[in-house]
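Worksheet for the structure shown next.
The values are calculated or read from the model by the stated rules, or taken from the named source; none is laboratory data. All values reported here derive from a predicted model rather than from experimental measurement. Don't worry about glycine lacking a Cβ; one is built from the backbone with ideal geometry, like all the others, and counts go over all protein chains shown. These accessible areas exclude ligands, DNA and RNA; they are computed on the full protein's heavy atoms, side chains included. Shrake-Rupley method; radii C 1.70, N 1.55, O 1.52, S 1.80 Å.
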Amino acid sequence: MGKSEEALKTDDVDLIKRCRSSMATQITSDLALIDKQLVKKVGDSYDIASINDQVIQSKKKHLSDHFDMILKLHERYTELRPEGVTEAEEESLTQSDVDYIGKIETKVYDAKEKISQYEGAAKLYAKNQILAESICQYQSAFKTIKDRFNMIANKIKKDCCDPIEKSEGTPIKDSLISTLPLEAMLRDLNESFTELKKSSCSLAECLRAVKKDENEIESNTNIKTETELHCNLDWSLNHFVGTRNFAASKSSSSEVKTSSDGSILSDTCKALPLKIEKPDAVSFSGQSRDYASFKRDFMAIIVPNRGDAEIGIYFKQGIPECHKHLISNLDLVNWKGMMEKIEKELATPRIIVDQIVDEIERMTIPTTDQSFVSYVESLEKIERDLSTLSQLQEIANTTMLSKLESKLPGQVKHDWTQCVIKDKLDILTSTEKFTKFLSFLQDAKNMAKYNMAEARTGNNSRSHCFVTGRTFEEESQKRTKSVNQPSGEKLTPHPCLACKWMEPQI
């Protein structure tokens with residue numbers, strides 16, 4: 001390469017031609033070594049295991065370097081070579097030059113295409129190798145977790161559920177229920193089943209990645225028997241816990257003692273709270289904007305410490321009748337699938353975001369403290385809904401922030417501008433600035449509420465609006481003045497008895 005670079009700096013046509021010929025020989029050698037490796041195939045695919053990748057990558061670089069050099073040498077040669085004596089001879093020489101470099105280009109481009117195909121096959125092979133190892137690991141873990149779940153479930157069934165259900169004598173049944181650690185059993189059962197489901201899903205995803213048949217995936221990840229066992233045991237344990245709690249409350253309420261005057265007093269009736277109606281289950285209105293709050297409440301209230309089948313029942317009950325057909329083909333234990341289906345059909349992030357953007361567009365500038373409080377509370381609801389859907393970034397951008405800023409009342413906009421300049425918020429990212437903006441509005445809302453309190457307005461006929469900075473007279477006071485002082489009526493003065501000062505007669 002060094003000799004070729006020196007040749008490019010000279011005008012010696014023969015030297016340049018010899019160097020060009022040497023580069024062509026090097027390229028031919030590189031192509032031969034590459035073909036020797038890439039000829040190794042199994043059927044129509046490259047035999048990745050037997051191909052030396054280091055040789056391929058090394059010769060690929062050499063081929064690229066040598067090809068770049070021969071192009072430079074050929075260009076330099078065509079500039080300096082003697083022209084043909086006649087026009088026909090010159091055309092013949094030009095065509096010869098084109099054919100010479102054209103043949104080399106064709107061979108090089110063909111080789112690069114082969115190398116590209118090989119590299120794609122090599123990446124796929126490496127990925128499949130990793131997936132194959134992962135599948136082995138997931139299969140081993142799935143078997144271990146499955147065995148552990150069955151051991152825990154069968155032990156609970158044998159030591160707890162079967163004896164209680166089969167015991168005919170009430171004392172035996174009550175004795176077993178009162179002595180067994182039912183809550184701990186229920187916790188262990190649910191934790192092991194949750195781990196089993198996660199393991200099954202992970203193995204299924206890994207098998208799909210290598211494009212296994214769905215029937216094969218189902219046979220390798222099937223937990224239908226375990227799911228049925230879990231549902232039965234979960235229901236039984238919850239039933240036993242409820243029975244024990246009811247018996248304990250009934251027993252404690254019957255315990256009495258006698259006071260010093262002989263009257264009977266109950267220890268527990270004083271501590272028992274008043275009985276109130278059971279709260280309604282969490283339900284979805286069917287409106288897209290309400291789904292985020294429904295999901296948030298459902299995950300917080302219904303899901304914790306309940307079995308999948310029970311959660312599925314509550315979820316199905318919370319969906320309006322007009323939308324239940326969307327989840328009618330899903331099993332009760334598949335409540336997550338139900339939730340995904342409802343989200344996909346009724347409350348995709350795109351639908352929610354479009355509605356929120358439209359709501360922001362229709363917002364007007366608040367002119368009173370009360371309307372400003374409503375404005376901020378609307379933004380807080382928007383922030384909660386989008387955070388639930390992990391879509392807050394859709395409005396936490398410069399464009400939407402500018403629109404929200406343009407809808408601020410005068411005094412609040414002035415305070416926000418001061419805050420931006422003083423705290424250098426203009427150098428923050430859009431998301432960080434949006435977070436600061438919401439925090440600022442929450443403080444401003446609290447100040448507006450403080451200003452609205454009757455203790456601060458009192459009976460003063462003139463009220464000050466915090467968000468606009470204006471002072472205005474209450475309508476009720478205006479009406480009172482209008483009644484007490486009719487328009488056009490002249491007041492007749494009369495002297496004050498104490499100071500003889502003329503006062504208007506009312």
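Remark: the stretch 109-196 carries a charge dipole of roughly 280 debye about the Cα centre, counting +1 on each Lys and Arg Cβ and -1 on each Asp and Glu Cβ. Between Asp290 and Ala132, the C-beta separation translates, for a Förster distance of 41 Å, into a calculated FRET efficiency of about 0.30. The residue among Pro82, Leu15, Ala49 whose Cα reaches farthest toward the positive pole of the charge dipole of the stretch 1-135, with charges on the beta-carbon of Lys, Arg, Asp and Glu, is Ala49. Note on Ser45 and Asp68: the extension gain reaches 5.2 nm, defined as 0.36 nm multiplied by sequence separation minus the Cα-Cα distance. Does the stretch 1-105 come out rounded, prolate or oblate, given a ≥ b ≥ c as the square roots of the eigenvalues of its C-alpha gyration tensor, rounded meaning a/c under 1.5 and, failing that, prolate meaning a/b above b/c? Cα axes put the stretch 1-105 in the oblate bin. Taking a sphere under 14 Å around the Cβ of Thr348 and counting the other residues whose Cβ falls inside, with K and R at +1 and D and E at -1, yields a net charge of -1.
Using the basic label-point model (7 angstrom from Cα toward the beta carbon), what is the Gln442 to Ala248 distance in nanometres? Spacing of the two 7 Å Cα→Cβ label points: 3.8 nm.
Heavy-atom accessible surface of the stretch 287-446, averaged per residue, reaches 52 Å², computed with a 1.4 Å probe. Would you be so kind as to identify which of Ile145, Ser134, Ile156 lies farthest towards the positive end of the dipole of the stretch 29-168, taking Lys and Arg as +1 and Asp and Glu as -1 on Cβ and the Cα centre as origin? Final value for the positive-end residue is Ile156. For Lys123, the lysines whose Cα falls under 25 Å of its own Cα, not counting residues fewer than eight places away in the same chain, are Lys36, Lys40, Lys41, Lys59, Lys60, Lys61, Lys107, Lys112, Lys114, Lys211, Lys212. Coupling constants for the stretch 297-314 follow from the phi torsions by the Karplus curve (6.51 cos²θ - 1.76 cosθ + 1.60, θ = phi - 60°), and in residue order they are 5, 5, 5, 7, 9, 8, 5, x, 6, 10, x, 4, 5, 5, 4, x, 5, 4 Hz; glycine and proline get x. Per atom type, the stretch 320-427 shows carbon and sulfur on 52% of its accessible surface, probed at 1.4 Å. When only alpha carbons are used to place a centre, the stretch 114-166 and the stretch 322-357 end up 29 Å from one another.
Shown is the FRET efficiency for Asn52 and Ser430, computed with R0 = 41 Å from the Cβ-Cβ distance and rounded to the nearest 0.05: 0.20. Each label point was placed 7 Å from the Cα along the Cα-to-Cβ direction; for Asn305 and Asp423 their separation is 3.9 nm.
Rounded to the nearest 0.05, the FRET efficiency derived from the C-beta distance between Ser175 and Tyr125 at R0 = 60 Å is 0.40.
Please report the carbon-and-sulfur percent of the accessible area for the stretch 1-125; probe 1.4 Å, protein heavy atoms only, DNA, RNA and ligands left out.
On the way: 3970 of 7890 Å².
Roughly 50 percent, rounded to a whole number.
About its Cα centre, the stretch 375-433 has a charge dipole of approximately 160 debye under the convention of +1 per Lys or Arg Cβ and -1 per Asp or Glu Cβ, with nothing else charged. Relative to the Cα centre, the charge distribution of the stretch 32-135, modelled as +1 at Lys and Arg Cβ and -1 at Asp and Glu Cβ, gives a dipole magnitude of about 900 debye. Straight-line cross-link reach from Lys157 at under 14 Å between alpha-carbon atoms covers these aspartates and glutamates, not counting any fewer than eight positions away in the same chain: Glu165, Asp188, Glu226, Glu228, Asp234. Residues Tyr314, Tyr375, Tyr450, Tyr125, sorted by accessible area with the largest first, give Tyr450, Tyr125, Tyr314, Tyr375 [1.4 Å probe; ligands and nucleic acids excluded].
On full extension of the chain, what length is gained from Ser202 through Arg362, given 0.36 nm per residue of separation minus the C-alpha to C-alpha distance?
Working: separation 160, 0.36 × 160 = 57.60 nm, distance 4.53 nm.
That works out to 53.1 nm of additional length.
If the chain linking Thr144 and Glu83 were pulled fully straight, counting 0.36 nm for each residue of separation and taking away their Cα-Cα distance, it would gain 13.8 nm. Report, ordered by chain and residue number, the lysines lying within cross-link reach of Lys433, taken as a straight Cα distance under 22 Å and ignoring same-chain residues fewer than 8 apart. Of all the lysines, those that pass the test against Lys433 - Cα under 22 Å, at least 8 places apart if same chain - are Lys381, Lys403, Lys407, Lys413, Lys422, Lys424, Lys445.
The label point for Ser96 and the one for Asn329, both projected 7 Å from the Cα toward the Cβ, are 7.5 nm apart.
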